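Presented below is the structure to which this report refers.
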Amino acid sequence: MGRVTGEEPLRPQSLMLTFLGDQVLGRDVCVYSGSVIDVFARAGIGEQAARSTLTRMVHRGLLRRQREGRRMYFGLTERSEAVLRDGERRIWRTGAVNRHWDGTWTLLGFSLPESWQRQRHDLRSRLAWSGFGPLFGGLWIAPGEVDVTALVADLGLSAHVKVFRAHADPGMDIGRMIEDTWELSGLAERYTAFVRRWQPWQSDLPEAGDGLVLRLRLQTEWLQVIRRDPRLPVRHLPDDWPAEEAEKTFRTVHERLTPLARKASGRLLDLVPVRDGQA
């Protein structure tokens, strides 16, 4: 079997983060730039794009350099490790299906001057990324207890934002509120498209040399889907909600690809221990 049906282009940095989380996180190692270029070439990303991604991530504090002889190796920073740990938590512990919601909502209200168009746009974008939806104008809501302290402070808007924890009135139609606040159809389509692309690999296996790249694509795509999901309580979602099937597909395909990916990484990757004092 060849490339994944309906395969979409992935941002090199997204694929790079998946690669680092898969091969470097928790191992106290750095990876040779040539190994990265080799793996990315197999994913259809050219050498120049791979090198540019490494350089940009160093400048953004997401990677550190370590020279060994004439070779340059790259390792994680505290910042990139935090990003990767969060992704690891979302994939393997939090999951895509919120079965254990306790009825708590986080409410966030904001009031900004009319001239603050950019700040308003930035706040709304960050809130949406954090699982919030617009309940009314300047009042946004998210399921569970969401800590937005750092988000608001980073935007310099702490004085303009108020945050509360709340429970709905017993007569509240939560399912209707969810439909009015979030774009369920778009989220459902992302899950359905993921299943459509990856379900064939539950029974088929790639050639041995493609296992690593295919698993990197699988993890990258899955994380992009679930990061857009506010994890709404499943008991208030439509009965045919596709998240559970998509998560089952992800886990099954990941398990099937893992032996091939490990064999390929052992053959393709040049790793060295982290040494202190290099950046």
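The values are calculated or read from the model by the stated rules, or taken from the named source; none is laboratory data. Being a predicted model, the structure only gives us computed values, none of them experimental. Neighbour counts run over all protein chains shown; Cβ positions are idealised from the backbone, glycine included. Heavy atoms of the whole protein, side chains included, go into the accessibility calculation; ligands, DNA and RNA do not. Shrake-Rupley method; radii C 1.70, N 1.55, O 1.52, S 1.80 Å.
Full extension of the chain between residue 94 and residue 159 yields a length gain of 20.3 nm, computed as 0.36 nm times the residue separation minus the alpha carbon distance.
Measuring nothing but protein heavy atoms, the accessible surface of the chain at 1.4 Å probe radius is 48 percent carbon and sulfur.
Can you give me the accessible area per residue for the stretch 150-279, using a 1.4 Å probe, in Å²? Walk me through the intermediate numbers first.
On the way: 6990 Å² over 130 residues.
About 54 Å² of surface per residue is accessible.
At q = 0.17 Å⁻¹, work out log10 I(q)/I(0) for the stretch 152-279 with the Debye formula, treating every Cα as an identical point scatterer and leaving solvent out; two decimals please. Debye intensities relative to I(0), on a log10 scale: -0.95.
Just subtract the alpha-carbon distance of residue 118 and residue 51 from 0.36 nm times their residue separation and send over the number in nm, one decimal. Can you show the working numbers first?
Working: separation 67, 0.36 × 67 = 24.12 nm, distance 3.24 nm.
In short, 20.9 nm is gained.
Translational D (Stokes-Einstein, µm²/s) of the stretch 54-163 at 10 °C and 1.306 mPa s when Rh comes from the Kirkwood sum over C-alpha pairs?
Details: Rh = 16.8 Å.
Approximately 95 µm²/s, per Stokes-Einstein.
Considering only Cα atoms, the convex hull volume of the chain works out to 152 Å³ per residue. Modelled this way, with points 7 Å down the Cα-to-C-beta line, the labels at residue 274 and residue 244 are 4.0 nm from one another. Model label points for residue 41 and residue 125, set 7 angstrom from Cα along the Cα-to-Cβ axis, are 3.5 nm apart.
Segment residue 168..residue 14, full-extension length gain: 51.7 nm, with 0.36 nm per residue of separation and the alpha-carbon distance subtracted. Close amide H pairs (under 5 Å, H built 1.01 Å from N) link residue 30 with 272, 274, residues at least 5 positions away or on another chain.
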